[in-house]
1. Among all residue pairs at least 6 apart or on different chains, which show Cβ distances below 7 Å where the first residue, located in segment A:183-210, is surrounded by 14 or more Cβ atoms within 10 Å (Cβ to Cβ) and the second is aromatic (F, W, Y) and part of a helix (DSSP H, G or I)?
2. Can you confirm whether segment B:165-173 contains a residue that is in a helix (DSSP H, G or I), without any contact (Cβ under 8 Å) to a residue 40 or more places away in the chain, within 19 Å of B:S92 (Cβ to Cβ) and not aromatic (F, W, Y)?
3. Go through A:I241, A:I224 for me and flag whichever is β-branched (V, I, T), out of contact with any Asp or Glu (no Cβ under 9 Å at 6 or more places or on another chain) and farther than 16 Å from A:L80 by Cα.
4. Could you say whether any residue in segment A:165-184 is more than 24 Å from A:E235 (Cα to Cα) and acidic (D, E)?
5. Restricting attention to segment B:152-164, report how many residues are assigned to a loop (DSSP other than H, G, I, E, B) and among the β-branched types (V, I, T).
6. Quick check: is even one residue across segment B:124-145 surrounded by 20 or more Cβ atoms within 10 Å (Cβ to Cβ), more than 11 Å from every other protein chain (Cβ to nearest Cβ) and outside any loop (DSSP other than H, G, I, E, B)?
7. Examine segment B:76-85 for a residue that is in the same structural domain as B:P168 (by TED's automatic domain parsing), part of a loop (DSSP other than H, G, I, E, B) and surrounded by 18 or more Cβ atoms within 10 Å (Cβ to Cβ), and state whether such a residue exists.
8. All but one of (1) aromatic (F, W, Y); (2) under 20 Å from B:T50 (Cα atoms); (3) surrounded by 20 or more Cβ atoms within 10 Å (Cβ to Cβ) hold for B:W181; state the number of the condition that does not hold.
Amino acid sequence: MSTRTYAARDSMTMLRRNLKHQLRYPTVTFFVIGIPVVFLLLFVYAFGGTLGAGLGGSGLDIPTGDRSDYVNYVAPGILLLGVAGGAQGTAISIAMDMTEGIIARFRTMAIFRPSVLVGHVVGSVIQSTVALSVVVGVALLVGFRPNATALEWVATAAVLTMTAVALTWLSAALGLVSKSVESASNLPMPLMLLPFLGSGFVPTDSMPEALRWFADHQPFTPIIETVRGLLTGTEIGSSAIQAVAWCVGIAAVGYVWATRLFNRERVS
Amino acid sequence: MTTTTTSRTAIAATGLRKSYDDQLVLDGIDLHVTEGSVFALLGPNGAGKTTTVHILATLISADGGDLRVAGHDVAADPDAVRTAIGVTGQFSAVDNLLTGEENLLLMADLQHLDRAEGRRRAAELLDHFDLVDAASKPAVTYSGGMRRRLDLAMTLVGRPRVIFLDEPTTGLDPRSRRTMWRIIRDLVADGVTIFLTTQYLEEADELADRIALLDQGRIVAEGTSEELKRRVPGGHVTFRFTDPRSLESAAGLLDDALRDDSALTLQVSSDGSLRSLKSLLDRIDDASIEVDELSVHTPDLDDVFLALTGHATEYEKEPVR
């Protein structure tokens with residue numbers, strides 16, 4: 001009898017285990033919710049006035065920018081920052097879990113092996129969903145005024161979930177490849193920087209040429225543009241299809257890499 | 001020993017080899033464990049005990065050799081082996097953030113027991129392992145002995161036929177160690193096969209039907225505790241005398257004896273049998289030599305180990321890998 005028969009059941013069991021962990025050890029959850037909220041408040045209140053004024057000359061559909069325009073501009077970027085932060089949390093949780101003897105026990109049991117990782121990834125995506133709901137709530141409180149229809153909200157949720165799944169699988173692999181919990185918390189750091197080096201916080205038009213080229217071609221920019229278009233009505237164009245392509249690619253690489261790392265023999 | 005035709009093989013290994021990089025860890029090991037027996041793999045740190053368990057328990061693969069556990073080929077069908085075995089490793093394999101009961105229920109789910117059966121099994125094991133009071137406390141708060149009991153209880157949830165116990169009592173206090181021994185004996189009474197590794201000769205002596213001595217990746221001896229002890233001439237009788245004069249005359253009488261002038265003792269080889277003891281005592285008595293104290297030493301596994309490996313069981317410190 002193949003262990004695949006139990007793929008769904010074992011994955012559910014592992015998901016329950018991880019959700020219990022999140023409740024009992026809420027440090028990672030606080031971090032995943034806290035980081036994007038802090039950045040939102042920082043960018044709206046500390047930098048928002050100046051950055052908002054800069055939006056006017058950027059060729060966007062905004063005549064003169066101010067703080068309230070900047071809230072609308074930055075909110076999608078903050079949401080993606082939240083997704084990246086949630087993924088980083090996965091790397092830490094997985095690296096921590098790998099130090100536990102119970103992982104060796106799982107390996108000696110006739111279970112669907114990837115379920116250990118599926119539990120982590122799905123648990124982390126649920127955690128990110130909670131975090132993003134909090135971020136949207138805070139954004140609305142500080143003046144975010146999206147004009148999305150119900151359908152566009154659903155589409156936004158789908159794009160963000162898809163991105164979370166992709167980044168979380170990648171991050172799971174990064175957590176497994178790390179030799180220690182410390183390096184697992186550092187390794188996914190570039191993921192947190194990418195929204196800044198894309199269209200998340202300022203339009204890419206305002207960047208120097210080389211950086212602008214990078215910003216226009218990295219995965220976060222089309223994802224952010226898609227979310228921004230869905231929520232505030234800016235042009236989406238080919239961003240949506242690029243976003244889907246990036247997410248499918250990242251998820252596939254992350255899944256294959258992570259499961260391969262997990263199946264490798266460890267001397268411990 | 002067991003020659004009944006009904007006895008079947010639980011673990012069979014032929015020519016098991018494993019090396020890491022260019023370091024040879026297991027150098028062609030043969031093992032044969034009969035169903036329902038306790039087999040102890042005894043050896044110092046670094047002998048290859050844990051590697052052997054890891055290979056038989058499907059955690060790592062062997063470089064060579066034919067391995068069958070519970071009737072299944074370890075290399076070809078590891079999942080079939082996994083359904084039949086339970087492993088309690090050297091390091092605690094419990095989920096620290098879950099309670100004792102949740103840990104057991106987690107195992108029940110992963111063993112694909114139905115909900116009611118899982119709850120019943122968990123309750124039964126909590127009771128049997130004296131963990132009822134701690135059932136709803138997180139495992140992180142458990143003492144070493146409790147943690148080891150929970151660990152073993154988790155291993156038993158799926159009623160494995162073959163159980164691997166890698167140094168089950170290392171680091172436990174004497175009382176917890178005795179409890180563990182009792183539990184292991186109970187398991188054997190239920191017909192389970194136990195493959196045990198230990199550095200404690202006493203533990204192997206207490207629990208095991210058969211013992212294999214592993215040293216530097218090779219089995220240097222195998223047999224029952226009695227058989228192994230018989231293989232070494234470690235038995236002797238020690239006389240202590242009240243004064244040097246008595247020692248002197250006794251030494252003249254027993255010319256192959258080992259003499260210690262400062263302790264006033266004389267050590268004479270003996271197989272410990274009543275007849276050889278009597279003849280020895282008669283010779284001393286006939287010469288009217290006064291003996292202060294007499295002690296008989298029968299060979300223990302320490303002697304076996306020393307004799308067969310050329311080094312004692314007080315292990316030299318090894319660099320941590």
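The values are calculated or read from the model by the stated rules, or taken from the named source; none is laboratory data. These numbers come from a predicted model, not from an experiment. No Cβ is skipped: glycine too gets one built from the backbone with ideal geometry, and neighbour counts run over all protein chains shown.
1. Here the result reads A:L194/A:F220; A:P195/A:F220; A:L197/A:F214; A:G198/A:F220; A:G200/A:F220; A:F201/A:F43, each pair linking segment A:183-210 to a residue that is aromatic (F, W, Y) and part of a helix (DSSP H, G or I).
2. Within segment B:165-173, none of the residues are in a helix (DSSP H, G or I), without any contact (Cβ under 8 Å) to a residue 40 or more places away in the chain, within 19 Å of B:S92 (Cβ to Cβ) and not aromatic (F, W, Y).
3. The match here is A:I241.
4. Within segment A:165-184 (the criterion being more than 24 Å from A:E235 (Cα to Cα) and acidic (D, E)), the answer is yes, since at least one residue qualifies.
5. Of the residues in segment B:152-164, 1 are assigned to a loop (DSSP other than H, G, I, E, B) and among the β-branched types (V, I, T).
6. Taking every residue of segment B:124-145 in turn, at least one turns out to be surrounded by 20 or more Cβ atoms within 10 Å (Cβ to Cβ), more than 11 Å from every other protein chain (Cβ to nearest Cβ) and outside any loop (DSSP other than H, G, I, E, B).
7. Among the residues of segment B:76-85, not one is in the same structural domain as B:P168 (by TED's automatic domain parsing), part of a loop (DSSP other than H, G, I, E, B) and surrounded by 18 or more Cβ atoms within 10 Å (Cβ to Cβ), which makes the answer no.
8. (3)
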